[in-house]
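Below is one structure, written out as structure tokens; comments come after it.
The values are calculated or read from the model by the stated rules, or taken from the named source; none is laboratory data. Just so it is clear, the model here is predicted, and its values are computed rather than measured. Cβ: placed from backbone, ideal geometry, glycine included. Neighbour counts: every protein chain shown. What goes into the accessible areas is simple: the full protein's heavy atoms, side chains included, and nothing from ligands, DNA or RNA. Shrake-Rupley method; radii C 1.70, N 1.55, O 1.52, S 1.80 Å.
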Amino acid sequence: MQLSFPLSEHKRVSDRIRWYKQQPHYMTIISERAEPFLYYIVTEVEKRGLPLELALVPLFESDFNTRAYSNKHASGLWQLTPLIAKHYGVIINDWYDGRLDIVESTRAALDFLTYLHTRFDGNWFHAIAAYNAGEGRVAQAIRRNQRAGKPTDFFSLRLPKETRHFVPKLLAAAALLHEGEIDFPTIANQQVIELVPMRAGVVIDDLETWREVGELNPGYRRFPAMLSGSQHVLLRLNHAQKWQQYLDSMPQIHSEQWQSYTIRNGDSLSVIAERFALSVTDIKTFNQLKTSRIRAGDKLILPIPAEQQIEYQVKSGDSLWRIARAFNVSVQKLKQWNGLSRSNLSIGDTLTIFLAP
């Protein structure tokens, strides 16, 4: 009812309408993916007084796949590049990629589309094309047609193939929605998710209960470690109180409190895990490793708070120098922490070590 773009009879649009009608399962899949997020996106579009068709952009950018990633390094529902995302204030770091966060990415995408609408003198088709292909490429195509005395409407521009079909995809879907010519699975016009403040990071220790948090908050690269991200978490409605009770039962942490480790020659995950009294599974989970292969020189994030005190039992072949090197501390500190006046060690001795931040 709120769609406002004029219907188009251009061949590219009619071809896409025909394709949609031949793919009845496509919209079912898309609707399932969009269900948690579409109401939120539509609401944000309406708040800004923008055309409701913009809520369909993730359909063509990512098929509403929150973890979509392109060979141009664009990511998330809205397929934002790192450059555009950071320009609009989206956080991207080792722990968190806000391009995958529905709140941060929607804000940035709508900011960018609003800018492009102004940049192209209020022409939404040019703005949407520029969102896909880049504003420089669209501006160049317009200038080229102007110099040649040709029309500068979207369908007359010479643009990359993907972009030539991008706007027609949107117009075709909007036409089918408007005319009711295809059976789109219904998504309830009501709030599904809510934003709950999260003052600091947390590492979830109950994955079975909170697995859905990872699905709704894919921006956290090292889930179940939710660190250095936004100041909110997305939850299904009515889960906020349960989530807050869970957080209140756990100490809050920040990513700066976690130990970084540079892999050395001869290291393996099992060696590192034994050295730091961890499990290989914990290390793989924190670093999103699908295999156990690691390379010297790469860095691992260890699920150990920095400055944590550990007890190390001296083994055959150990020396203060080797132990200090293994734990990235100084021999002087080892002596200081353990009250040692000499460098002699005996097998079986226990040393106290404070892991450096």
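Taken over the stretch 264-282, residues that are at pLDDT 85 or above and either buried (at least 17 other Cβ atoms within 10 Å of the Cβ) or more than 19 Å from residue 322 (Cβ to Cβ) (or both) amount to 5. One residue alone among 187, 204 is touching a Phe, Trp or Tyr at 6+ places or on another chain (Cβ under 9 Å), within 21 Å of residue 44 (Cα to Cα) and outside the structural domain of residue 89 (by the TED database), and that residue is 187.
Taking residues in the stretch 214-242 that are closer than 23 Å to residue 283 by Cβ, and partners anywhere that are of a type in the set (Lys, Arg) and surrounded by fewer than 18 Cβ atoms within 10 Å (Cβ to Cβ), the pairs with Cβ atoms closer than 8 Å and at least 6 places apart or on different chains are 218/67. Of all residues in the stretch 339-355, those satisfying the criterion of being part of a loop (DSSP other than H, G, I, E, B), open to solvent by 70 Å² or more (accessible area, probe 1.4 Å) and modelled with pLDDT of 85 or more are 344, 347.
When you scan the stretch 143-163, how many residues do you find that are within 14 Å of residue 120 (Cβ to Cβ) and open to solvent by 50 Å² or more (accessible area, probe 1.4 Å)?
Step one: of the stretch 143-163, the residues within 14 Å of residue 120 (Cβ to Cβ) are 143, 145-146, 152-154, 157, 159, 163.
Okay, now just the ones that are also open to solvent by 50 Å² or more (accessible area, probe 1.4 Å), so 143, 146, 153.
Count: 3.
Of the listed requirements (1) at pLDDT below 95; (2) closer than 16 Å to residue 124 by Cβ; (3) of a type outside the set (A, V, I, L, M), residue 20 misses just one: (2). Is it the case, given these coordinates, that residue 288 is open to solvent by 70 Å² or more (accessible area, probe 1.4 Å), among the polar types (S, T, N, Q), on the phi > 0 side of the Ramachandran plot and modelled with pLDDT under 85? Yes; evaluated as a whole, the condition is true for this residue. Taken residue by residue, the stretch 323-338 has at least one member that is assigned to a loop (DSSP other than H, G, I, E, B), touching a Phe, Trp or Tyr at 6+ places or on another chain (Cβ under 9 Å) and at positive phi. Being under 29 Å from the mean Cα position of the chain (by Cα) and assigned to a loop (DSSP other than H, G, I, E, B) is a condition met by at least one residue of the stretch 261-268. Taking the stretch 291-307 as the range and being outside any strand (DSSP E or B) and open to solvent by 70 Å² or more (accessible area, probe 1.4 Å) as the test, the residues that pass are 293, 295, 307. Out of 122, 89, one residue alone is among the small types (Gly, Ala, Ser) and more than 30 Å from residue 18 (Cα to Cα). It is 89. Scanning the stretch 121-131 for residues being open to solvent by less than 40 Å² (accessible area, probe 1.4 Å) and either in contact (Cβ under 8 Å) with a residue 40 or more places away in the chain or among the basic types (Lys, Arg) (or both) gives a total of 3.
How many residues does the stretch 312-334 hold that are out of contact with any helix residue (DSSP H, G or I) (no Cβ under 7 Å at 6 or more places or on another chain) and either aliphatic (A, V, I, L, M) or surrounded by fewer than 16 Cβ atoms within 10 Å (Cβ to Cβ) (or both)?
To start, the set of residues in the stretch 312-334 that are out of contact with any helix residue (DSSP H, G or I) (no Cβ under 7 Å at 6 or more places or on another chain) comprises 313-319, 322, 325, 327-329, 332-333.
Imposing the further condition that a residue be either aliphatic (A, V, I, L, M) or surrounded by fewer than 16 Cβ atoms within 10 Å (Cβ to Cβ) (or both) reduces the set to 313-317, 319, 322, 325, 328-329, 332-333.
Total satisfying the criteria: 12.
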